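Enquirer: Starting off with a structure, shown below.
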Amino acid sequence: MNPILKEIIDLFNIEQIERDLYRGQNHNTEHVFGGQVLAQALVSAYRTVEAPHELHSMHAYFLRAGDWKVPILYEVDRIRDGRSFSTRRVAAIQHGRAIFSLSCSWQKREEGMQHSQPMPDVPPPESLRSDLKAFQAMARTHPEMARFSFRFEAIDSRQVERILMSDNREHPPFKHTWLKARDGLPDNAEVHLAMLAYMSDLDFMSTSMLPHGRNAMRENVRGASLDHSLWFHRPFRADEWLLFAKESPNASGARGFVRGHFFNRDGELVATAAQECLIRPVGALREKLLADVAAD
C-alpha cells in the first residue's frame with residue numbers, strides 16, 4: 001500500500017480511550033479536512049454498533065474550524081438500539097468545545113422494492129487524465145496548488161470535465177469524477193465506509209462556484225462546509241471505480257447547495273451525498289454584488 005493511502009487508513013483507525021470515547025489524529029496540512037472528520041466520526045459510531053446492523057444514513061454539521069495541531073475527541077451517544085434500527089450521535093470535541101456533530105442510523109439488512117436512477121453516460125476512467133498529473137502540472141506555475149495534490153497520491157481521481165482550481169471559465173453547475181483508492185483495501189466494511197465518506201468531501205463545495213468562474217470565486221469568497229449528509233443504498237468497494245456525479249441546483253443567501261450520486265462500474269447507485277456550504281463574498285466581489293443590487 002502506498003504511504004499516503006496508508007496514512008489515511010491509519011487516521012481512520014481511531015484510538016479508544018474509554019467506553020464510547022475515541023481519539024483521532026490529523027493530517028499535518030495546516031487545516032482539518034472535513035472528509036477526515038466525517039470518516040473518523042463514522043468509525044467512532046461504527047465501533048459501538050453490533051452486526052448485523054449496517055449504516056444507511058449519516059447527517060453532520062460542521063460547527064467550528066478544527067485545530068490540526070491537536071487530536072480530536074469523538075464522544076458517542078448510544079441513542080437507540082432496536083431490532084431493526086440503531087441510532088448514534090457523535091460529538092467531535094477540541095479545546096473543550098464541539099467542532100462537529102453527527103447523527104447516523106443503522107439498519108438490519110432487509111429485502112424490499114428496488115429502483116434507482118441510471119448512471120450518466122460519461123467516458124470510462126481509463127480514458128481520462130488523473131488529477132494527480134493535472135495538479136503536478138499546475139503546480140509548476142501555481143506552486144501554492146501543490147498542497148492539494150497529496151490526497152491524489154492515495155486516491156485515483158479523474159475528472160470528466162477537466163475543471164481545475166486554476167480554471168476561471170464559467171461552467172454549468174455539474175461535474176463528474178471517477179474515484180477509487182489507488183491500492184486494494186482490507187475486506188472490512190468500516191474501512192470502505194470511511195473511505196467513501198472521506199472521498200465524498202473531495203472537490204464537492206466547488207461545484208456550487210462553477211457558474212461564476214471557479215478560480216475567481218475562490219479568490220473572493222470565504223468558503224466552508226456547513227453540513228454534509230450521506231445515504232448508503234447498496235454494497236460497494238472504495239478500491240473499485242466509483243463515478244461521483246455532482247450538481248449544484250441552488251446558490252443563494254451566501255450558501256451553495258450541492259448533491260452527488262456514487263455509481264459503481266455496473267451502473268448501480270450505491271450512495272448519495274448532499275452538502276450545504278458557505279460561499280460568502282468578500283472584498284471587491286462583495287462590493288460589486290452590493291452595487292448590482294442597488295442598481296436593480
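Throughout, read-outs are computed from the coordinates displayed, never taken from laboratory work. Predicted, not measured: the structure shown is a model, and the values here were computed from it. Here Cβ is always computed from backbone atoms with ideal geometry, including for glycine, and neighbour counts include all displayed protein chains.
Enquirer: Quick check on the exposure proxy: order Arg23, Arg97 from fewest to most C-beta atoms within 10 angstrom.
Expert: Least to most surrounded, the residues fall as Arg97, Arg23.
Enquirer: Amide H of His56 versus every other amide H placed in the peptide plane: which residues, excluding those fewer than 5 positions away on the same chain, fall under 5 Å?
Expert: Excluding prolines and chain starts, which carry no amide H, the hits are Ser105, Trp106, Gln107.
Enquirer: Using the Karplus equation 6.51 cos²θ - 1.76 cosθ + 1.60 (θ = phi - 60°), what ³J(HN,Hα) coupling, rounded to whole Hz, does each residue of segment 3-18 give in order, writing x for Gly and Pro?
Expert: Each residue's phi maps through the Karplus curve to give x, 5, 4, 4, 4, 5, 4, 5, 5, 5, 7, 5, 9, 7, 10, 5 Hz.
Enquirer: Just want the ordering: Ser130, Ser206, Ser84, Ser200, from fewest to most Cβ atoms lying within 10 Å of their own Cβ.
Expert: Ser84, Ser130, Ser206, Ser200
Enquirer: Considering Cα pairs under 8 angstrom that are at least six residues apart, work out the relative contact order of the chain and quote it in whole percent.
Expert: Dividing the mean separation by the residue count of the chain yields 17 percent.
Enquirer: Something else about it: Can you give me the C-alpha center-to-center distance between segment 174-191 and segment 1-58, rounded to a whole angstrom?
Expert: With segment 174-191 and segment 1-58 each reduced to a Cα centre, they are spaced 15 Å.
Enquirer: Please order Thr141, Thr177 by the number of other Cβ within 10 Å, starting at the fewest.
Expert: Thr141, Thr177
Enquirer: Still on this structure: I need the phi-derived Karplus couplings for segment 54-64: 6.51 cos²θ - 1.76 cosθ + 1.60, θ = phi - 60°, integer Hz, Gly and Pro marked x.
Expert: Result, ordered by residue: 10, 5, 10, 7, 8, 9, 10, 10, 8, 9, 9 Hz.
Enquirer: Could you compute the net charge surrounding Phe236? Neighbours are other residues with a C-beta less than 14 Å from the C-beta of Phe236; K and R count +1, D and E count -1.
Expert: Around Phe236, the surrounding residues sum to -3.
Enquirer: Suppose each label sits 7 Å from its Cα in the direction of the beta carbon; what would the Asp187-Lys6 distance come out to in nanometres?
Expert: Distance between the two pseudo-spin positions: 2.3 nm.
Enquirer: Short version: ³J(HN,Hα) in whole Hz for each residue of segment 42-48, in order, from phi by Karplus 6.51 cos²θ - 1.76 cosθ + 1.60 (θ = phi - 60°), x for Gly and Pro, what are they?
Expert: 4, 5, 4, 5, 3, 6, 10
Enquirer: Using a Debye calculation, one point per C-alpha and no hydration shell, please list log10 I(q)/I(0) for the chain at q = 0.11, 0.13, 0.14, 0.16 Å⁻¹ in order.
Expert: Results for the chain at q = 0.11, 0.13, 0.14, 0.16 Å⁻¹ read -0.67, -0.95, -1.10, -1.42.
Enquirer: Follow-up. Do the sum for the chain: with -39,500 (n - 2.57) for every DSSP H run of n ≥ 4, divided by all residues, what is the mean residue ellipticity at 222 nm, to the nearest 500 deg cm²/dmol?
Expert: The helix-only estimate for the chain comes to -6000 deg cm²/dmol at 222 nm.
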